[in-house]
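The values are calculated or read from the model by the stated rules, or taken from the named source; none is laboratory data. Computed from a predicted model, the values in this text were never measured in an experiment. Because the Cβ atoms are built from the backbone with ideal geometry, glycine has one as well, and the counts that use them run over all protein chains shown. The area values use the complete protein model at the heavy-atom level, side chains included, leaving out ligands, DNA and RNA. Shrake-Rupley method; radii C 1.70, N 1.55, O 1.52, S 1.80 Å.
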Amino acid sequence: MQALVKYHGLKDWKLRIPYHDSISVNTTSLGSHVVVSETKGGEGDLLVEGKKNDDALKRIQGVSRRLTGKGFEELGLHLDSSNFPAVDAKGLGFSSSAGAAVTLALFHAVSDDDPDYTELSRVARLFAGSASRTVLGGFSRLHAGKGYEDTFAEKFADEKELPLRMVIVPLTSSVRTEDAHREVESSPFFRSRIESASKRCEEMEKAILGGDLRKVGELTEQDTLELHSITMTGTNRLVIMSPDTIRIITKVRELRSNSVEAYFSMQTGPSVFINTSEEDEDKVRRAVAHMGYKTIVSGVGREARIGRASPSSD
């Protein structure tokens, strides 16, 4: 998942409700795969990349109680979550895809009903706010309400409206998203950020529906720089970008000056998404690869679903 209008900070940590709306696009090349099995007489457990993860186990409790009325351990289920492709990077949206996958997998494990994706977007939000959008796929918007019911995601477009292509550059970092969420609230510019991001959501949705790649790219770059500026101006002066991030941004701007459609985007991490067109995708990929960086190419991804994971899943 790539967030196009991003959020940092939560006005309700228990329900994981952001201060403002946000918009993202699912990818076809990055995702999470969850395998569910029954435990033999023991408590339920959750593995992430083959290891116990206390943070993920804590987050799934809210999902479990909303879906079943029980704590996760009471269900007697074993969930094994893994991300693909296997890369050591930060800022690729794996917590979003994992939250969406875990929510859908748990729903199907305890229910024979067809999923209500709007309701699942509310439930997935309890794992990660961005997972709410990832459940639905395509271009989706998370509406930040005042409580559980009025905070949900809505898919409003897919590749038919905007056939976006992405060249993704994975980069490593030790920064935790939860730390960034808390950090931004101490920035003197945080309130201004809420206002501008709210306005940008309206502009972004209009640009996507109109198939305007240039406008989408410009808005996403502005949003990226704004998001990182409030983390850098919080109490702990958290810098998430790396020198490699800056090199790639510089290359993107150089490509654009040579009439290549290319626009940078970052989330909570140094990794860079380069938004481009099908026509210019290979030019962008070759330019970044020539700098010595590994790349992952992607199109607009689908909703969370049951099935076998593959390089084309999301």
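Projecting the Cα atoms of V135, L164, S192 onto the charge dipole of the chain, computed from C-beta unit charges around the Cα centre, puts S192 farthest toward the positive end.
If the Kirkwood radius is taken over C-alpha pairs of the chain, then at 10 °C and 1.306 mPa s the Stokes-Einstein diffusion coefficient equals 81 µm²/s. Listed by chain and number, the lysines whose alpha-carbon sits under 16 Å from that of K90, ignoring those within fewer than 8 places in the same chain, are K6, K294.
When the trypsin sites (Lys or Arg not before Pro) in region 157-201 are filtered for DSSP coil states and for at most 11 other beta-carbon atoms within 10 Å of their beta-carbon, the remaining sites are K160. Averaged over its residues, region 18-65 has an accessible area of 50 Å² per residue, based on protein heavy atoms and a 1.4 Å probe. Taking all Cα pairs closer than 8 Å and separated by 6 or more residues, the relative contact order of the chain comes to 25 percent. Highest GNM mean-square fluctuation among V36, V284, V216, for the chain modelled with Cα contacts below 10 Å: V36. Sequence-distant contacts, meaning Cα pairs under 8 Å at least 6 residues apart, place the relative contact order of region 226-314 at 17 percent.
Run the helix sum for the chain: -39,500 (n - 2.57) per DSSP H stretch of 4+ residues, divided by residue count, reported at 222 nm to the nearest 500 deg cm²/dmol. The helix-only estimate for the chain comes to -12000 deg cm²/dmol at 222 nm. Placing a label point 7 Å from the Cα of K215 along the Cα-to-Cβ direction, the residues of region 151-182 with a backbone N closer than 20 Å are 155-165. For region 133-224, the per residue solvent-accessible surface stands at 45 Å², with DNA, RNA and ligands left out and a 1.4 Å probe.
For the pair V110 and K51, the difference between a 0.36 nm per residue extended length and the Cα-Cα distance amounts to 18.9 nm. Given +1 at the Cβ of Lys and Arg, -1 at the Cβ of Asp and Glu and no other charges, the dipole of region 1-131 around its Cα centre is 560 debye to the nearest 20.
At a Cα cut-off below 14 Å, give the aspartates and glutamates reachable from K215, other chains included and same-chain residues fewer than 8 away excluded. Result set, ordered by chain and number: E161, E202, E203, E205, D223, E261. If the reach is capped at under 20 angstrom between alpha carbons, list the aspartates and glutamates near K58, excluding any in the same chain fewer than eight residues apart. List returned: D12, E38, E43, D45, E49, E73, E74, D80, E178, D179.
How would you classify region 206-314 from its alpha-carbon gyration tensor, with a ≥ b ≥ c the square roots of the eigenvalues: rounded for a/c under 1.5, else prolate if a/b is greater than b/c, otherwise oblate? Since a/c stays below 1.5, the shape of region 206-314 is classed as rounded. Placing +1 on the Cβ of every Lys and Arg and -1 on the Cβ of every Asp and Glu, with no other charges, gives the chain a dipole of roughly 720 debye about its Cα centre. Distance between the pseudo-spin-label points of E159 and R305 (7 Å out from Cα toward the beta carbon): 1.2 nm. Compute the FRET efficiency between E202 and D150 as 1/(1 + (r/R0)^6), taking r as their Cβ-Cβ distance and R0 = 25 Å, and round to the nearest 0.05. The calculated FRET efficiency here is 0.90. Between L225 and T118, the distance separating the two model label sites (each 7 Å from Cα on the Cα→Cβ line) works out to 3.8 nm. Site pair T250 and H143 shows an inter-label distance of 4.5 nm when each label is modelled 7 Å from Cα along Cα→Cβ.
Sorted largest first by accessible area at a 1.4 angstrom probe radius, with every protein chain in place, the residues I246, I194 fall in the order I246, I194. Label zone of K11 (point 7 Å out along Cα→Cβ, amide N under 19 Å): in region 193-222 this covers 193-203. Between amide H atoms placed 1.01 Å from N, distances below 5 Å from A304 occur with L136, G137, all of them 5 or more places distant or on a separate chain.
Atom-type composition of the exposed protein surface of the chain places 47 percent of the accessible area on carbon and sulfur (1.4 angstrom probe). Against the chain, whose longest principal axis comes from its Cα atoms, helix 190-209 is set at around 80 degrees.
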